[in-house]
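**Q** Let me begin by handing over the structure; questions about it come next.
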């Protein structure tokens, strides 16, 4: 079966959700875009093992309960977002995995055949950015597919940045695209 859509438009969009406001904005924008172009979405949440180790060190006696709550909250959030997408006519699947967020997101993108990764990025600067790293930055550097980064300033009509790994070319696209 052939599609009338140009092949440059994504057919499968992978959206990374960490529960932050920017990741929720990323999900909203991905759903809007997917609805316009007829793409399907996979929502993914990665339980960061480094965060889990830090949590265990900080509260060893309450670690299991805290981890269970975090995972349960993530599952509920993903299901809520998936239900919204499905109600909007967007085919949507949900994935949760443990590991390094960047590595897992790239592996799942390849596994599901994603044509685009959408991720939120908070405005960490200076030492916090160096120490904590940036999943968005690491994805841009390592992904084999374009990465759309939604920033905390992504308001209606504000530009977002789309990075294509093959050429390294950057261009702004309207956030409502």
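**Q** Only one of 81, 77 is touching a residue at least 24 places away in the same chain (Cβ under 8 Å) and under 18 Å from residue 114 (Cβ atoms). Can you tell me which?
**A** Exactly one of 81, 77 is touching a residue at least 24 places away in the same chain (Cβ under 8 Å) and under 18 Å from residue 114 (Cβ atoms), namely 81.
**Q** Can I ask one more? Quick check on residue 14: is it surrounded by 14 or more Cβ atoms within 10 Å (Cβ to Cβ) and touching a helix residue (DSSP H, G or I) at 6+ places or on another chain (Cβ under 6 Å)?
**A** yes
**Q** Let me ask something else. Please give the helices (runs of 4 or more DSSP H) falling wholly within the range 62-138 in which 3 or more residues are at pLDDT 95 or above and under 14 Å from the mean Cα position of the chain (by Cα).
**A** 63-87, 101-112
**Q** Separate question: With the requirement that a residue be surrounded by 14 or more Cβ atoms within 10 Å (Cβ to Cβ) and within 19 Å of residue 9 (Cα to Cα), what does the range 107-121 give you?
**A** 109, 112, 114, 115, 116, 117, 118, 119
**Q** Let me ask another. Quick check on the range 32-56: of everything there that is touching a helix residue (DSSP H, G or I) at 6+ places or on another chain (Cβ under 9 Å) and free of Cβ contacts under 8 Å to residues at least 40 places away in the same chain, which residue is nearest to residue 107 (Cα to Cα)?
**A** Here the residue is 51.
**Q** Within the range 20-35, is there a residue that is in a loop (DSSP other than H, G, I, E, B), surrounded by 12 or more Cβ atoms within 10 Å (Cβ to Cβ) and at negative phi?
**A** Checked the range 20-35: at least one residue is in a loop (DSSP other than H, G, I, E, B), surrounded by 12 or more Cβ atoms within 10 Å (Cβ to Cβ) and at negative phi.
**Q** Also, I was wondering about something else. Considering only residues of the range 36-47 that are surrounded by 16 or more Cβ atoms within 10 Å (Cβ to Cβ) and over 11 Å from the mean Cα position of the chain (by Cα), which is farthest from residue 95 (Cα to Cα)? Spell out how you get there, then give the answer.
**A** Taking the range 36-47 as the starting set, the residues that turn out to be surrounded by 16 or more Cβ atoms within 10 Å (Cβ to Cβ) are 39-47.
Add one more test, that the residue is over 11 Å from the mean Cα position of the chain (by Cα), and what stays is 39-40, 47.
Values: 39: 17, 40: 14, 47: 11 Å.
It comes out as 39.
The values are calculated or read from the model by the stated rules, or taken from the named source; none is laboratory data. Because the structure is predicted, anything quoted here is derived from the model rather than measured. Quick reminder, even Gly has a Cβ in these numbers, built from the backbone with ideal geometry, and neighbours come from all protein chains shown.
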